[in-house]
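Below is one structure, written out as structure tokens, with a few remarks after it.
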Amino acid sequence: MKQDELKKLVGYKAVDWIHDGMIVGLGTGSTVKYMINALARKIKNEHLNITGVVTSNQTANQARLLGIKLKSVDAVDHIDLTIDGADEISSDYQGIKGGGAALLFEKIVATNSKKNIWIVDQSKLVDQLGAFPLPVEVIPYGSRQLFSSFKAKGFHPEFRITTMGEKRKTDSGNFIIDLHLGKISKPEKMATYLKSQVGVVEHGLFLNTVNTVVAGYDDGPRVFEAR
Ligand SMILES: O=C[C@H](O)[C@H](O)[C@H](O)COP(=O)(O)O
């Protein structure tokens, strides 16, 4: 199966975890897009009362067009479940996210969710994190200085650039610096370091976050429980 078909497979499968009355965090990305389509159909067919909490303008636009009821993360008292994609998931269930530049809102929603499910095609499952460039969201003011300091550390930083040749801006108006690390042997240490840098808003290491991974294989979706 092609990668996109595997994404569709897990996107459709993920709505099995969504039940009437739930407040659901809606992630961002090409895999989640399929889940949101399936969710809209499920809400309609089964007459469900579901409230979505979005993680990006992109997801908000799609969900609104499909008629899914939405609330801000600040307007709900809990989130039952969040379904999101991921860029890499290691064998000990740590993740890199932010390939779509939505890491900040995704982390806020994930942190406030009772349960987190990640939906991925099998290519995202890795032994060790780091082959995927680690996204770091930074405030524009001083970002050049941060870039230089990441470079000096040997992190091979790269500002994320749009197709128009400009620095990519997140939904919060920040920049993304992608770190080409190759492998991250100590993700906790890296996360602590990045968080301590002035001007870093958030990074794409999602540690001890996911509960359930739904991965797409040629013979169907497989479900892995992290803990
Ligand atoms: O910022 C984007 C998110 O973290 C996505 O969930 C992640 O990049 C995976 O996206 P996709 O499902 O498009 O591969």
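The values are calculated or read from the model by the stated rules, or taken from the named source; none is laboratory data. No experiment lies behind these values; they were computed from the predicted model shown. Because the Cβ atoms are built from the backbone with ideal geometry, glycine has one as well, and the counts that use them run over all protein chains shown.
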Only residues that are surrounded by fewer than 20 Cβ atoms within 10 Å (Cβ to Cβ), over 15 Å from the mean Cα position of the chain (by Cα) and not aliphatic (A, V, I, L, M): list them for the stretch 23-61, please.
-> Asn37, Arg41, Lys42, Lys44, Asn45, Glu46, His47, Asn49, Thr51, Asn61
Are there any strands (runs of 3 or more DSSP E) wholly within the stretch 20-133 with 1 or more residues that are within 12 Å of the ligand (Cβ to nearest atom) and modelled with pLDDT of 95 or more, and if so which?
-> 23-26, 81-84, 88-90, 116-121
Check whether at least one residue in the stretch 83-106 is among the β-branched types (Val, Ile, Thr) and within 23 Å of Ser172 (Cα to Cα), and report yes or no.
-> yes
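Listed here are the residues, each with its yes/no results for (1) among the polar types (S, T, N, Q); (2) in contact with a Gly (Cβ under 9 Å, 6 or more places away or on another chain); (3) buried (at least 21 other Cβ atoms within 10 Å of the Cβ).
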{"position": "Gly95", "(1), (2), (3)": "no, yes, yes"}
{"position": "Val109", "(1), (2), (3)": "no, yes, yes"}
{"position": "Leu134", "(1), (2), (3)": "no, yes, yes"}
{"position": "Gln145", "(1), (2), (3)": "yes, yes, no"}
{"position": "Ser148", "(1), (2), (3)": "yes, no, no"}
{"position": "Gly154", "(1), (2), (3)": "no, no, no"}
{"position": "Gly173", "(1), (2), (3)": "no, no, no"}
Residue pairs qualifying under the 8 Å Cβ cut-off, at least six apart or on distinct chains, with the first in the stretch 169-180 being farther than 16 Å from Pro133 by Cβ and the second being among the β-branched types (Val, Ile, Thr), are Ser172/Val201; Asn174/Val138; Asn174/Ile139; Asn174/Val201
In the stretch 134-159, residues that are free of Cβ contacts under 8 Å to residues at least 60 places away in the same chain and assigned to a strand (DSSP E or B) total 3
Select from the stretch 198-226 the residues that are among the hydrophobic types (A, V, I, L, M, F, W, C) and in a loop (DSSP other than H, G, I, E, B) and write down the one among them that is farthest from the ligand (Cβ to nearest atom).
-> Val198
Among the residues of the stretch 129-171, the number that are in contact with a helix residue (DSSP H, G or I) (Cβ under 9 Å, 6 or more places away or on another chain) and of a type in the set (S, T, N, Q) is 1
Determine if the stretch 1-10 includes at least one residue that is among the β-branched types (Val, Ile, Thr), within 17 Å of the chain's Cα centre (by Cα) and farther than 27 Å from Ser172 by Cβ.
-> yes
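Yes/no matrix, rows are residues, columns are (1) in contact with a helix residue (DSSP H, G or I) (Cβ under 8 Å, 6 or more places away or on another chain); (2) under 30 Å from Gly182 (Cβ atoms); (3) free of Cβ contacts under 8 Å to residues at least 24 places away in the same chain; (4) not aliphatic (A, V, I, L, M):
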{"residue": "Ile36", "(1), (2), (3), (4)": "yes, no, no, no"}
{"residue": "Ala40", "(1), (2), (3), (4)": "yes, no, no, no"}
{"residue": "Leu48", "(1), (2), (3), (4)": "yes, no, no, no"}
{"residue": "Asn61", "(1), (2), (3), (4)": "no, no, yes, yes"}
{"residue": "Leu65", "(1), (2), (3), (4)": "no, no, yes, no"}
{"residue": "Lys71", "(1), (2), (3), (4)": "no, no, no, yes"}
{"residue": "Thr82", "(1), (2), (3), (4)": "yes, yes, no, yes"}
{"residue": "Gly85", "(1), (2), (3), (4)": "yes, yes, no, yes"}
{"residue": "Glu88", "(1), (2), (3), (4)": "yes, yes, no, yes"}
Selection count where residues are touching a residue at least 60 places away in the same chain (Cβ under 8 Å) and either under 21 Å from Gly100 (Cβ atoms) or acidic (Asp, Glu) (or both), scope the stretch 185-211 = 11
